[in-house]
Amino acid sequence: MKILSIGNSFSVDATRYLSRAAKRCGKDITTVNLYIGGCSLYTHYINALEDLPKYALHFNGDDTGFLVSIKQALISREFDIVTLQQASHFSFKPESYEPYTAFLCEYVKKYCPKAKIFVHQTWGYRNGSGRLLHFGFENHAKMYDLVEPAYDIMYQNCNAAGLIPSGKAMSLLDSYGFSGDQTHRDDIHVSLGLGRYTLALTWLEYLTGANIAECDFCDFDVDMSDVEVMTAKKAAHEACLWAQKYKK
């Protein structure tokens, strides 16, 4: 399976372990991520219109050092899946998604017609963070309460093949009592252990149907406890069950 993410740092977090974890489950996944920090759907739209080579190209979770345009990436190989997402600071504002989502979906179909388009649902900020307070949210859960319906609208508008429930998985970690340094490494990005592993497993199960309970991947960027590994698997699996309603 070949996956292209037209994203930002959140897709970097989501795909950091994905290819390697997939191998441990007997799945072959190649990930290509187009990275500009904080990149919004509007900026993707402008970059596509002008065919601007502004994206750091990440391959299987690592930065290649190359800069490419969206078009260059789309025509570089026959991708099975292309993912789209909104920047986190706009993720709870449904009015910020259009008309850019519709344009990008058509752009993907033009240059990579065989690929299925999936929406990548992003997540809420760290509990107690200045970012949460800046946007008027009491906690992670309050932000996710608005992120979820906004992505539902995005999914409907682009007639996507599915919605990858990264935001739901992170919300579940929060509901299990995991927060702070356990789930986030700063105000907005997920932790290098529990956070990134949860996201990798969520993508892996949702896109391939792999039995993540048996995944023995352990090549993490930081040490993880057995409890964190089991919690990541639980959150990812429950998020995927929740998101089955979006699969076509």
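The values are calculated or read from the model by the stated rules, or taken from the named source; none is laboratory data. What you are looking at is a predicted structure, and each value in this text was computed from that prediction instead of being measured. All Cβ positions, even for glycine, are placed from backbone atoms using ideal geometry, and neighbour counts span all protein chains on display.
Suppose we keep only residues that are out of contact with any strand residue (DSSP E or B) (no Cβ under 8 Å at 6 or more places or on another chain) and under 30 Å from PHE103 (Cβ atoms) within segment 15-38. Which one would you say is surrounded by the fewest Cβ atoms within 10 Å (Cβ to Cβ)?
Restricting to residues being out of contact with any strand residue (DSSP E or B) (no Cβ under 8 Å at 6 or more places or on another chain) and under 30 Å from PHE103 (Cβ atoms), the top hit is GLY37.
Can you pull out the residues in segment 50-72 that are under 20 Å from ASP13 (Cβ atoms) and out of contact with any strand residue (DSSP E or B) (no Cβ under 9 Å at 6 or more places or on another chain)?
ASP62, the sole residue that qualifies.
Out of the residues in segment 109-135 that are in a helix (DSSP H, G or I) and either free of Cβ contacts under 8 Å to residues at least 40 places away in the same chain or touching a His at 6+ places or on another chain (Cβ under 6 Å) (or both), which is surrounded by the most Cβ atoms within 10 Å (Cβ to Cβ)?
Going through the qualifying residues, I end up with LYS109.
Checking the structure you have, find out if any residue of segment 221-242 is out of contact with any helix residue (DSSP H, G or I) (no Cβ under 6 Å at 6 or more places or on another chain), at pLDDT below 95 and either among the basic types (Lys, Arg) or surrounded by 13 or more Cβ atoms within 10 Å (Cβ to Cβ) (or both).
No.
Can you name every residue in segment 16-43 that is part of a helix (DSSP H, G or I), touching a Phe, Trp or Tyr at 6+ places or on another chain (Cβ under 7 Å) and touching a residue at least 60 places away in the same chain (Cβ under 8 Å)? I'd like the intermediate steps shown before the answer.
Taking segment 16-43 first, the residues part of a helix (DSSP H, G or I) are 18-24, 41-43.
Among the residues that remain, those that are also touching a Phe, Trp or Tyr at 6+ places or on another chain (Cβ under 7 Å) are: 18, 20-21, 24, 41-42.
Residues satisfying the conditions are LEU18, ARG20, ALA21, ARG24, LEU41.
In segment 70-79, how many are part of a loop (DSSP other than H, G, I, E, B) and crowded, with 17+ Cβ neighbours inside 10 Å?
1
Quick check on segment 152-180: of everything there that is in a strand (DSSP E or B) and of a type in the set (A, V, I, L, M, F, W, C), which residue is surrounded by the fewest Cβ atoms within 10 Å (Cβ to Cβ)?
Here is the first cut: in segment 152-180, the ones in a strand (DSSP E or B) are 162-164.
With the extra rule that they be of a type in the set (A, V, I, L, M, F, W, C), the set shrinks to 163-164.
Numbers: LEU163: 25, ILE164: 29.
Among them, the one singled out is LEU163.
Identify, by number, the condition in (1) modelled with pLDDT under 95; (2) loosely packed, with under 13 Cβ neighbours inside 10 Å; (3) closer than 22 Å to ALA87 by Cβ that GLU138 doesn't meet.
(1)
Is it the case that segment 181-194 has a residue that's closer than 15 Å to LEU18 by Cα and part of a helix (DSSP H, G or I)?
Taking every residue of segment 181-194 in turn, at least one turns out to be closer than 15 Å to LEU18 by Cα and part of a helix (DSSP H, G or I).
For segment 86-101, enumerate the residues that are crowded, with 16+ Cβ neighbours inside 10 Å, of a type outside the set (S, T, N, Q) and not in a loop (DSSP other than H, G, I, E, B).
Those that are crowded, with 16+ Cβ neighbours inside 10 Å, of a type outside the set (S, T, N, Q) and not in a loop (DSSP other than H, G, I, E, B): PHE90, PRO94, TYR100.
Among the residues of segment 44-65, which ones are over 19 Å from the mean Cα position of the chain (by Cα) and not in a helix (DSSP H, G or I)?
Listed by number, the residues that qualify are GLU50, ASP51, LEU52, PRO53, LYS54, THR64, GLY65.
Here is a list: CYS158, CYS218. Which entry is more than 15 Å from the chain's Cα centre (by Cα), in contact (Cβ under 8 Å) with a residue 12 or more places away in the chain and within 24 Å of ILE3 (Cβ to Cβ)?
That would be CYS158, the only listed residue that is more than 15 Å from the chain's Cα centre (by Cα), in contact (Cβ under 8 Å) with a residue 12 or more places away in the chain and within 24 Å of ILE3 (Cβ to Cβ).
What is the one condition in (1) outside any helix (DSSP H, G or I); (2) at pLDDT 95 or above that LEU204 does not satisfy?
(1)
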